[in-house]
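This report refers to the structure that appears directly beneath it.
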Amino acid sequence: MNTELWASISGFEGLYEISSLGKVKRVAPGRKTFVGKVLTPLRHSDGYQVVMLTREGTHHTRYVHR
């Protein structure tokens, strides 16, 4: 049985977490979102999956595989 482990994302501690299975979720309330929401990854032009993370009103694109 695989246990999904969650860890904070560097630079976004207290805002987002990533799981050992590659899922990204919110851990703090935000504008037009809720705690526990799992983000839907997008496919970057290079083929890798990315998510858009927001910190202090600024959007940051981060690769899921990192």
Q: With Cα extents along the principal axes in Å in mind, check (1) 35, 31, 20; (2) 35, 27, 20; (3) 41, 21, 20 and report the label derived from this structure.
A: (1)
Q. Just how much of ILE18 is accessible, in Å², when a 1.4 Å probe is used and the result is rounded to the nearest 10?
A. 40 Å²
Q. If ligands, DNA and RNA are left out, what is the accessible area of LEU5 with a 1.4 Å probe, given in Å² to the nearest 10?
A. 120 Å²
Q: Leaving out ligands and nucleic acids, note down the accessible area per residue over the chain with a 1.4 angstrom probe, in whole Å².
A: 75 Å²
Q | Accessible surface ranking that places the most exposed of GLU56, GLU17 first, with a 1.4 angstrom probe | A | GLU56, GLU17
Q. If you rank TYR16, TYR63, TYR48 by how much accessible surface each has, with a 1.4 Å probe, what is the order from largest down?
A. TYR48, TYR63, TYR16
Q | Within the accessible area of region 12-54 (1.4 Å probe), percent carbon and sulfur | A | 55 percent
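The values are calculated or read from the model by the stated rules, or taken from the named source; none is laboratory data. In this text the structure is predicted, and so the values were computed from the model without any measurement. Heads up: the accessible areas ignore ligands, DNA and RNA and are worked out on the full protein's heavy atoms, side chains in. Shrake-Rupley method; radii C 1.70, N 1.55, O 1.52, S 1.80 Å.
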